[in-house]
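First, the structure itself, so that you have it in front of you.
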Amino acid sequence: MMDVNAFDFGLSDIRAFNYPPHKSFPESVVAQRRVLAKWNRLRESLHYRTQLSLEQTAALQFDRLSLLIDMAFITHPFYHELYKSVGFRPGDLVTWDDYNALPSISKSDIASSWDMFGSSRSMNRADCYSSRTSGSSGRALIVLQDSGTNDCGALFYLRHYEQMLGRKRAASEWLYEVYLAPPRFTSFEGSFPVFTISNQCPPDLAFKHIARLKPKILSAFPSYLSRMVASVDNLSSLGIEAICTNSESSIKAERDRIAEGFGAPVFDEYSSEELYLIATQCREGSYHIVEDNVRVDVLNADSEGRGEIVATSLTNTFMPFIRYRQGDVIQISGKAHPCACGNHFRRLSSFHGRADQVLFSRTRGAILPDRVMTLYTHTLFPKDGRIAEFQIVQNEPSTIDLFLVTESIDRTYNESRVEAFITGLKDILGDEQLDVRVQVVDAMPASLSHKRRLVTNRIPSS
Ligand SMILES: [Zn+2]
């Protein structure tokens with residue numbers, strides 16, 4: 001198997017930031033060859049699917065859903081009990097109304113029935129890729145994907161990279177990843193190789209290595225890319241053609257700054273461990289739902305069409321997630337005309353992070369993150385604020401902590417910008433008595449998780 005970590009070009013320091021191979025789900029040449037064969041066979045039809053009409057896509061999804069749901073009812077104890085309780089029988093799924101009437105499930109439903117949900121009679125769990133996800137409940141959930149599901153995920157990413165490039169990707173072109181874990185595939189028998197470093201790697205070392213490896217695609221946390229833009233010159237000399245950001249929330253102004261620094265377009269993505277790739281941004285800036293990976297609907301939409309996401313993974317047959325509510329608030333665009341990028345998949349006009357990114361107001365209740373996002377975009381983010389990083393953390397209804405890492409080591413920042421943020425925040429929360437505590441720190445506290453969230457609500461749920 002091709003050892004991608006050997007491509008250090010004499011920069012042995014970079015090896016300290018490589019990941020050792022997955023232990024629990026080791027990569028094999030057989031699996032690499034299998035995915036490559038699937039990609040070569042399906043590449044064109046994967047792209048073609050994005051050109052189908054809304055009706056054609058919905059019909060394909062429905063076929064897949066009715067089979068998946070019948071199968072889950074027959075073989076999966078959790079879904080059998082759940083659907084039996086509403087009188088479901090195999091073959092009952094005839095219209096979308098039937099699908100929409102099926103019960104939805106949340107992470108806590110899964111956690112309280114874990115023995116049933118995690119069990120499968122026919123397969124060894126050791127043969128599955130497993131990942132852990134935590135959420136506002138603080139409860140970890142283990143997501144298992146068998147190798148067929150895992151292959152599908154790899155194919156969707158290969159398509160996404162070509163959508164970003166706007167062209168066919170040559171098999172020799174590298175992807176460079178800054179991530180928390182090694183990739184599931186480091187290459188496909190040497191094709192489409194991936195070099196991965198941890199986000200602990202100093203940006204100037206990453207720059208030197210990227211300059212030698214010459215990848216075309218960069219995939220990283222927005223916070224890491226922002227650090228690179230702030231501390232390394234000449235990023236546009238790297239020849240990166242497309243960048244994707246993931247895992248953390250970021251704002252458009254930040255992604256624009258990254259695009260300018262690298263001289264390459266930035267494409268954000270929206271994904272979760274449970275559902276994998278949910279939506280990817282196109283060159284027009286739209287977030288297209290990955291309709292052949294996941295069926296997305298909005299539960300209890302308000303008058304503007306906003307509501308909680310309820311979604312079904314169309315690919316995970318081993319551990320099905322059917323009508324799963326993962327807690328994000330979304331809005332599906334009602335625009336009927338196709339996007340100028342040529343992709344006909346539906347678009348999300350907004351998605352508002354997880355429930356734990358929703359601040360709480362003593363007078364107004366839940367505050368969706370978009371207004372707070374607009375506020376910090378215009379107050380904390382502008383360059384003259386001299387703020388390198390910030391996080392907004394609410395531990396109790398009456399108090400919000402604003403953590404700041406300043407750009408200069410003398411811990412000075414633009415106080416009027418911060419004042420404007422505090423005034424605006426009290427206004428949005430309708431709470432003049434709100435206590436906003438500014439905490440200047442050298443680095444973000446480790447307790448704020450390894451992934452950055454700009455807004456975190458830590459009020460214990462009752
Ligand atoms: Zn588009």
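The values are calculated or read from the model by the stated rules, or taken from the named source; none is laboratory data. Predicted model only: the values in this text are computed from it and were never measured. Backbone-built Cβ (ideal geometry, glycine too); neighbour counts: all protein chains shown. What goes into the accessible areas is simple: the full protein's heavy atoms, side chains included, and nothing from ligands, DNA or RNA. Shrake-Rupley method; radii C 1.70, N 1.55, O 1.52, S 1.80 Å.
Could you go through segment 62-69 and let me know if any residue there is part of a helix (DSSP H, G or I), open to solvent by 20 Å² or more (accessible area, probe 1.4 Å), in the same structural domain as Ala336 (by TED's automatic domain parsing) and of a type in the set (Lys, Arg).
no
Being more than 16 Å from the ligand (Cβ to nearest atom) and either open to solvent by less than 30 Å² (accessible area, probe 1.4 Å) or of a type outside the set (Asp, Glu) (or both) narrows it down to one of Phe345, Phe318, so name that one.
Working: Phe345 fails: more than 16 Å from the ligand (Cβ to nearest atom).
The unique qualifying residue is Phe318.
Shifting gears a bit: Suppose we keep only residues that are among the charged types (D, E, K, R) and out of contact with any Ser or Thr (no Cβ under 8 Å at 6 or more places or on another chain) within segment 13-33. Which one would you say is nearest to Tyr179 (Cα to Cα)?
Arg15
I'd like to know if segment 221-235 contains one or more residues that are touching a Lys or Arg at 6+ places or on another chain (Cβ under 8 Å), of a type in the set (Gly, Ala, Ser), open to solvent by 40 Å² or more (accessible area, probe 1.4 Å) and touching a residue at least 40 places away in the same chain (Cβ under 8 Å).
The initial filter retains those residues of segment 221-235 that are touching a Lys or Arg at 6+ places or on another chain (Cβ under 8 Å), namely 221-223, 226, 229.
After this cut, where a residue has to be of a type in the set (Gly, Ala, Ser) as well, the list is 223, 226.
Right, trim to open to solvent by 40 Å² or more (accessible area, probe 1.4 Å) and you get none.
No, segment 221-235 contains no residue that is touching a Lys or Arg at 6+ places or on another chain (Cβ under 8 Å), of a type in the set (Gly, Ala, Ser), open to solvent by 40 Å² or more (accessible area, probe 1.4 Å) and touching a residue at least 40 places away in the same chain (Cβ under 8 Å).
Residues that are among the hydroxyl-bearing types (Ser, Thr, Tyr), open to solvent by 70 Å² or more (accessible area, probe 1.4 Å) and not in a loop (DSSP other than H, G, I, E, B): does segment 49-58 have at least one? Working first, answer last.
In the first step, residues of segment 49-58 are kept if they are among the hydroxyl-bearing types (Ser, Thr, Tyr); the result is 50, 53, 57.
Next, only the ones that are open to solvent by 70 Å² or more (accessible area, probe 1.4 Å) stay: none.
No, segment 49-58 contains no residue that is among the hydroxyl-bearing types (Ser, Thr, Tyr), open to solvent by 70 Å² or more (accessible area, probe 1.4 Å) and not in a loop (DSSP other than H, G, I, E, B).
If a residue has to be surrounded by 15 or more Cβ atoms within 10 Å (Cβ to Cβ) and under 25 Å from Glu308 (Cα atoms) to count, how many in segment 71-97 make the cut?
9
Among the numbered criteria (1) open to solvent by 10 Å² or more (accessible area, probe 1.4 Å); (2) more than 16 Å from the ligand (Cβ to nearest atom); (3) assigned to a loop (DSSP other than H, G, I, E, B), which single criterion is violated by Glu308?
Only one criterion is unmet by Glu308, namely (3).
Ile387 - would you say it is more than 16 Å from the ligand (Cβ to nearest atom), within 18 Å of Ser416 (Cβ to Cβ) and touching a strand residue (DSSP E or B) at 6+ places or on another chain (Cβ under 6 Å)?
Working: more than 16 Å from the ligand (Cβ to nearest atom): yes; within 18 Å of Ser416 (Cβ to Cβ): yes; touching a strand residue (DSSP E or B) at 6+ places or on another chain (Cβ under 6 Å): yes.
The answer is yes for Ile387.
Can I ask one more? Any residue at all in segment 363-371 that is surrounded by 15 or more Cβ atoms within 10 Å (Cβ to Cβ), closer than 16 Å to Ser250 by Cβ and not aromatic (Phe, Trp, Tyr)?
There is at least one residue in segment 363-371 that is surrounded by 15 or more Cβ atoms within 10 Å (Cβ to Cβ), closer than 16 Å to Ser250 by Cβ and not aromatic (Phe, Trp, Tyr).
Of the residues in segment 390-401, how many are closer than 16 Å to Met444 by Cβ and open to solvent by 50 Å² or more (accessible area, probe 1.4 Å)?
1
Among strands (runs of 3 or more DSSP E) lying entirely in segment 259-300, which contain 3 or more residues that are within 16 Å of the ligand (Cβ to nearest atom) and assigned by TED's automatic domain parsing to the domain that holds Ala220?
266-272, 276-281, 287-289
Answer with yes or no whether Leu46 is assigned to a helix (DSSP H, G or I) and open to solvent by less than 30 Å² (accessible area, probe 1.4 Å).
yes
Six or more apart or on different chains, Cβ under 6 Å: which pairs go from a residue in segment 325-348 that's within 15 Å of Ala279 (Cα to Cα) to one that's among the aromatic types (Phe, Trp, Tyr) and away from the ligand (no atom under 11 Å from the Cβ)? Could you list them?
Here the result reads Asp328/Phe351; Ile330/Phe351, each pair linking segment 325-348 to a residue that is among the aromatic types (Phe, Trp, Tyr) and away from the ligand (no atom under 11 Å from the Cβ).
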